[in-house]
Amino acid sequence: MISGEFDVVVVGAGNAGMCAALAARGEGARRVLVLEAAPFDERGGNSRYTAGALRFVYNGVDDLLKLCDLSETEIATSDFGTYTQDKYYDDLGRLTDYRSNPDMAELLITKSQETLLWMRGKGIRFAPMYSRQAFKHDGKFVFWGGLALEAWGGGPGLVEGLFNSCEKHGIAVAYEARGEKLIADDDGVHGVIANVEGKTTEIRCKAVVLACGGFEANAEMRTRYLGPGWDLAKVRGTKFNTGGGIKMALEIGAMPYGNWSGCHAVGWDYGAPEFGDLSVGDNFQKHSYPFAIMVNAEGERFCDEGADFRNYTYAKYGREILNQPHQFAWQIFDQQVVHLQRDEYRIRRVTKVTANTFEELADKMAETGAAVNKAAFLKTMADYNAAVDRSTPYNPTVKDGRTTRGLKIDKTNWAMPLEKPPYEAYCTTCGVTFTFGGVKIDTDGRVLDTAERPISGLYAAGELVGGLFYFNYPGGTGLVSGSVFGKIAGTSAGQQVGRNT
């Protein structure tokens, strides 16, 4: 399979890489090769570990009908809302402290729906996120937080669809093929040196697209760039994202760019393995904390669980958990809110204790090896319950303003006194999803050097590109940004091949 010269080689076989490969093929690149570092059974990068949520611009149900089939009953019983360009700009700006590169932000937002329509044309299917992103209120399913659709079958379904589409379009995929070095000279990039099934292999081509993820699975790089303690974080996704693509680009003069000390990090089950487990997927996450309270080993709350919809806080609260003593936190629910828990709370592999009193709950927490200071915990629970403003109606579909008053850290929405046992507690630690720093690209997906000049023949997309996310991240943006910039990079690479043929 790996013989002769290729038109385009894509390093990385996740969502961004496969979109790049399909786009290059669509521009007339005849020989397109994708290098997948993982074996066949683990293919798909971080994309395969995601829930598949997609944040894109839509102005109502008519836009959703362009992307997925909805029955008359679904339309009649659902309030999908809208997610306008202005709202997308506001969310991305607010969550990144307005540091997001404006050109990249504009491409992401204005091309989001267009790119998903293109993907649907390639056979990718989408569906409404009823189980994760809608609550029933006044007889209707109300979608909240700017998200309405997901990839059919979640991340695994998205990956399967992309690989099927690439196969249909004659795109070759090499497994256990790790890119190690770019073949480059003064005239640009001419190929990749890869380790393919244990053998060093030189692969010549006319254009390279790097789309092989960040450095989150590399404990040394996490500690070097994210800081002390990050070597202790669990990795939410693939173990193959070790920063290789970034290193390859930097070695030939690419510009480092973006929030190198930042990452997407979530609350992740305390008993989860060191790297992602495909049999569980994203279900080790525990993202219903806005309807709970979180306490650390000292028995104290440390963040405002109800600061915003979980879509806008979950990607940064993993860091908060990592910063706590012994790197864990417990989420506490009572029976008034357990029905609001996402499906991931009901899996078999979960660190959970249940009790009818807070005293008993604390004792059971200690038995798991993640003990809390019992006296402080009991005081925290009493103080919290006493501080809840019960006069404001509780509504999980909006930021309801039901708050606590007078606490060191008030809960600003969805404050419910915990007083209806049995109580449930779930232990979480930090799970890192992807890193925010990477290389700089232009609006054509071309990698720029340290003088901000394009490196001929080199393109990039996905999580190894810096400049889009800083400090935080709006949920569902990762897959869409991978698709948008993957399509851009692949289109540009294919067009370059056409010009040089």
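The values are calculated or read from the model by the stated rules, or taken from the named source; none is laboratory data. Note that the structure is predicted; figures quoted are calculated from it, not measured. Here Cβ is always computed from backbone atoms with ideal geometry, including for glycine, and neighbour counts include all displayed protein chains. These accessible areas exclude ligands, DNA and RNA; they are computed on the full protein's heavy atoms, side chains included. Shrake-Rupley method; radii C 1.70, N 1.55, O 1.52, S 1.80 Å.
Identify all lysines with a Cα-Cα distance to Lys199 below 21 Å; exclude those on the same chain that are fewer than 8 residues away in sequence.
Of all the lysines, those that pass the test against Lys199 - Cα under 21 Å, at least 8 places apart if same chain - are Lys181, Lys239, Lys247.
Evaluate the distance, in nm, between pseudo-label points positioned 7 Å from the Cα of His339 and of Phe275 along their respective Cα→Cβ axes.
If labels sit at His339 and Phe275, their model points lie 4.2 nm apart.
On a 0 to 90° scale, report how tilted helix 374-387 is relative to the longest principal axis of the chain, with both axes built from alpha carbons and the result rounded to the nearest 10.
80
Multiply the residue separation of Ser71 and His326 by 0.36 nm, subtract the distance between their alpha-carbon atoms, and state the gained length in nm to one decimal. Each step should come with its number before you reach the end.
Values: separation 255, 0.36 × 255 = 91.80 nm, distance 4.88 nm.
This chain segment gains 86.9 nm when fully extended.
Provide the per residue accessible area, probe 1.4 Å, for the chain, rounded to a whole number of square angstrom. Walk me through the numbers before you get to the answer.
On the way: 18990 Å² over 501 residues.
That works out to 38 Å² per residue.
Divide the volume of the convex hull of the Cα atoms of the stretch 220-366 by its number of residues and quote the answer in cubic angstrom per residue.
123
Collect residues whose amide H, placed 1.01 Å from N in the peptide plane, falls under 5 Å from the amide H of Lys234; neighbours closer than 5 in sequence don't count.
Cys430, Val432
Using a Cα-Cα cut-off of under 20 Å, which aspartates and glutamates could be cross-linked to Lys374, ignoring same-chain neighbours fewer than 8 residues away?
Partners within reach: Glu298, Glu300, Asp334, Glu359, Glu360, Asp363, Asp383, Glu419, Glu424.
Take every DSSP beta bridge whose two residues both sit in the chain, then give the antiparallel share in percent to the nearest 5. Numbers along the way, then the final one.
On the way: 51 of 72 bridges.
The antiparallel proportion sits near 70 percent.
Residue by residue, what Karplus-based ³J(HN,Hα) values in Hz, rounded to whole numbers, does the stretch 338-354 have, using 6.51, -1.76 and 1.60 with θ = phi - 60° and x for Gly and Pro?
Here the 3J(HN,Hα) series is 4, 5, 8, 5, 6, 4, 5, 7, 10, 7, 6, 8, 9, 8, 9, 10, 9 Hz.
Limiting things to C-alpha atoms, what are the Rg and the maximum Cα-Cα separation (Dmax) for the stretch 312-365, in angstroms?
Calculated on Cα positions, Rg and Dmax stand at 13.0, 33 Å.
Tell me which residues come under 5 Å, amide H to amide H, from Phe126 once H is placed; ignore anything under 5 positions away on its chain.
Trp152
For the stretch 108-193, compute Rg over Rh where Rg is the Cα radius of gyration and Rh is the Kirkwood radius from the inverse mean 1/r over Cα pairs.
With Rg and the Kirkwood Rh in hand, the quotient comes to 1.17.
Pull up all non-local amide H partners of Glu180: gap of 5 or more, or a different chain, and H-to-H distance under 5 Å with H placed in the peptide plane.
Placed amide hydrogens put Ile193, Ala194, Asn195 under 5 Å from Glu180.
In whole Hz, what ³J(HN,Hα) sequence does the stretch 452-464 give by Karplus (6.51, -1.76, 1.60; θ = phi - 60°), x for Gly and Pro?
Per-residue couplings from phi come out as 6, 9, x, 8, 4, x, 10, 10, 8, 7, x, 6, 8 Hz.
Enumerate the lysines that Lys399 could reach by cross-link, defined here as Cα to Cα under 29 Å, with residues fewer than 8 away along the same chain left out.
Lys87, Lys111, Lys136, Lys140, Lys286, Lys316, Lys352, Lys379, Lys408, Lys411, Lys420
Rg and Dmax in Å for the stretch 256-331, alpha carbons only: what are they?
So, for the stretch 256-331, Rg and Dmax equal 13.1, 41 Å respectively.
If you roll a 1.4 Å probe over the chain with all protein chains in place, what percent of the accessible area is carbon or sulfur?
Of all accessible area on the chain, carbon and sulfur atoms account for 47 percent.
Relative contact order of the chain, please, whole-number percent, based on alpha carbon pairs below 8 angstrom and at least 6 residues apart.
Taking the mean separation of contacting Cα pairs over the length of the chain, I get 24 percent.
Could you work out the Rg to Rh ratio of the stretch 440-482, with Rh taken as the Kirkwood radius (inverse of the mean 1/r over all Cα pairs)? Intermediate results must be reported in sequence, preceding the final value.
Numbers: Rg = 11.6 Å, Rh = 11.3 Å.
Ratio of gyration radius to Kirkwood radius for the stretch 440-482: 1.02.
Between the helical axis of 85-95 and the dominant principal axis of the chain, each derived from Cα atoms, what acute angle in degrees is found, rounded to the nearest 10?
70
Got a sec to turn the phi values of the stretch 12-23 into Karplus ³J(HN,Hα) couplings, 6.51 cos²θ - 1.76 cosθ + 1.60 with θ = phi - 60°, whole Hz, x for Gly and Pro?
So the J values, rounded to whole Hz, are x, 10, x, 4, 5, x, 5, 5, 4, 4, 5, 5.
Kindly identify the stretch 135-246 as rounded, prolate or oblate by the Cα gyration tensor criterion: order the square roots of the eigenvalues as a ≥ b ≥ c, call it rounded if a/c is under 1.5, otherwise compare a/b with b/c, prolate if a/b is larger, else oblate.
Cα axes put the stretch 135-246 in the oblate bin.
If you scale each eigenvalue of the Cα gyration tensor by 5 and take the root, what three semi-axes come out for the chain, rounded to whole angstrom and sorted largest first?
Equivalent-ellipsoid dimensions as semi-axes: 41, 25, 19 Å.
Among Gly179, Gly157, Ile293, whose Cα lies farthest out toward the positive end of the dipole of the chain, if unit charges sit on the beta carbon of Lys, Arg (+1) and Asp, Glu (-1)?
It is Gly157, whose Cα lies furthest towards the positive end.
Once you have the Cα-Cα distance between Ile347 and Lys136, take 0.36 nm times their residue separation minus that, and quote the gain in nm to one decimal.
On the way: separation 211, 0.36 × 211 = 75.96 nm, distance 2.25 nm.
Result for the pair: 73.7 nm of gain on full extension.
Using the Kirkwood formula on the Cα atoms of the stretch 323-427, what hydrodynamic radius do you get, in angstrom to one decimal?
By the Kirkwood definition, the hydrodynamic radius is 14.8 Å.
Within the stretch 286-318, whose backbone N sits under 15 Å from a point 7 Å along Cα→Cβ of Ala375?
Taking a point 7 Å out along Cα→Cβ of Ala375, the residues of the stretch 286-318 whose backbone N falls under 15 Å are 298-300.
Report relative contact order for the stretch 316-391 in percent, whole number only (criteria: Cα-Cα under 8 Å, sequence separation at least 6). Mind dumping the intermediate values first?
Details: 26 pairs, mean separation 11.9, N = 76.
Relative contact order, the stretch 316-391: 16 percent.
Run the helix sum for the chain: -39,500 (n - 2.57) per DSSP H stretch of 4+ residues, divided by residue count, reported at 222 nm to the nearest 500 deg cm²/dmol.
-8000 deg cm²/dmol
How much of Val57 can a 1.4 Å solvent probe reach, expressed as accessible area in Å² and rounded to 10?
10
Please work out how much length the chain gains when fully extended from Glu202 to Asp187, using 0.36 nm per residue of separation minus the C-alpha to C-alpha distance, in nm with one decimal.
Working it through step by step, the gained length comes to 3.6 nm.
Using a Förster distance of 51 Å, how high is the FRET efficiency between Asp363 and Asp449, based on the Cβ-Cβ distance and rounded to 0.05?
My answer for the efficiency is 0.30.
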